[in-house]
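In what follows, a single structure is set out as structure tokens and then discussed.
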Ligand SMILES: CC(C)(COP(=O)(O)OP(=O)(O)OC[C@H]1O[C@@H](n2cnc3c(N)ncnc32)[C@H](O)[C@@H]1OP(=O)(O)O)[C@@H](O)C(=O)NCCC(=O)NCCS
């Protein structure tokens, strides 16, 4: 897997080739988001999306959920066929691909404004890649007359959606495969 996630900050980097006078103190380096390209889903994306879904839930999920909850969320590698069916049911699915053409994140928007999935490959997490996908889905919604958006956001995704204008409607506590878990019903008002 590609590992081109930029450093968020680095106070110890070698400045000799940077052109910055020696002795200058640096505590934060502004970096560019990773180079990804957004494009519509293609049928041959389904296996990579299924793998990404499992890797993302299993690797990023433990940041905010217990091991039991993560296991209930993604009990086994997902079936690419089910991703193909979902992506071809009338929803809009966008993928972000990295410089090597591999799927780095994906998200989808149903015709009624429901954002169903938004998943980022673990090695690209925290770098704003899913944000780029979400921005594009919001733009697509606006361009096609879908005025109000809604989502059931995980603990991991809640603050990203808040940054994009979604508000929490309610916390949803439910049981998934026998395990209590929660997420947040969120809505983005018409703009
Ligand atoms: C939710 C998710 C899509 C966000 O993708 P992303 O591209 O990492 O989004 P961001 O770059 O905005 O970072 C999200 C958060 O992770 C934090 N983060 C920083 N470094 C990180 C790292 N190495 N790994 C994971 N998260 C990191 C960021 O600080 C940010 O926190 P904040 O939102 O509280 O500010 C991603 O975490 C994911 O795929 N999670 C699993 C699936 C999921 O929960 N999907 C949402 C369903 S609605």
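The values are calculated or read from the model by the stated rules, or taken from the named source; none is laboratory data. The model shown is predicted, which means the values in this text are computed figures rather than measured ones. Here the Cβ positions follow ideal geometry from the backbone for every residue, glycine too, while neighbour counts run over all protein chains shown.
Let me spell it out: the conditions are (1) free of Cβ contacts under 8 Å to residues at least 24 places away in the same chain; (2) near the ligand (Cβ under 8 Å from one of its atoms), and residue 163 meets all of them except one. Which number is the exception?
The failed condition is (1).
Name the residues in segment 42-100 that are closer than 20 Å to residue 183 by Cβ, under 19 Å from the mean Cα position of the chain (by Cα) and part of a loop (DSSP other than H, G, I, E, B), would you?
64, 65, 74, 78, 91
What number goes with the only condition from (1) within 27 Å of residue 190 (Cβ to Cβ); (2) touching a strand residue (DSSP E or B) at 6+ places or on another chain (Cβ under 9 Å); (3) within 14 Å of the ligand (Cβ to nearest atom) that residue 87 does not pass?
Of (1) within 27 Å of residue 190 (Cβ to Cβ); (2) touching a strand residue (DSSP E or B) at 6+ places or on another chain (Cβ under 9 Å); (3) within 14 Å of the ligand (Cβ to nearest atom), only one is false for residue 87: (3).
Just to be sure before I move on: is residue 74 within 14 Å of the ligand (Cβ to nearest atom) and without any contact (Cβ under 8 Å) to a residue 40 or more places away in the chain in the structure I sent?
Criteria met by residue 74.
Please go through segment 155-180 and give me each residue that is crowded, with 19+ Cβ neighbours inside 10 Å and within 19 Å of residue 91 (Cβ to Cβ), ordered by number. Show your work before the answer.
Going through segment 155-180, the residues crowded, with 19+ Cβ neighbours inside 10 Å turn out to be 156-157, 161, 166.
Hits for segment 155-180 are 157, 161, 166.
For segment 122-154, name all the residues that are surrounded by 17 or more Cβ atoms within 10 Å (Cβ to Cβ), assigned to a loop (DSSP other than H, G, I, E, B) and within 8 Å of the ligand (Cβ to nearest atom).
125, 127, 128, 154
Under the condition of being farther than 15 Å from residue 140 by Cβ and touching a strand residue (DSSP E or B) at 6+ places or on another chain (Cβ under 7 Å), which residue from segment 101-116 is farthest from the ligand (Cβ to nearest atom)?
In this case the residue turns out to be 103.
Matching residues to (1) in contact with a strand residue (DSSP E or B) (Cβ under 7 Å, 6 or more places away or on another chain); (2) closer than 23 Å to residue 128 by Cβ; (3) modelled with pLDDT of 95 or more:
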residue	(1), (2), (3)
14	no, no, no
23	no, no, no
41	yes, yes, yes
66	no, no, yes
75	no, no, yes
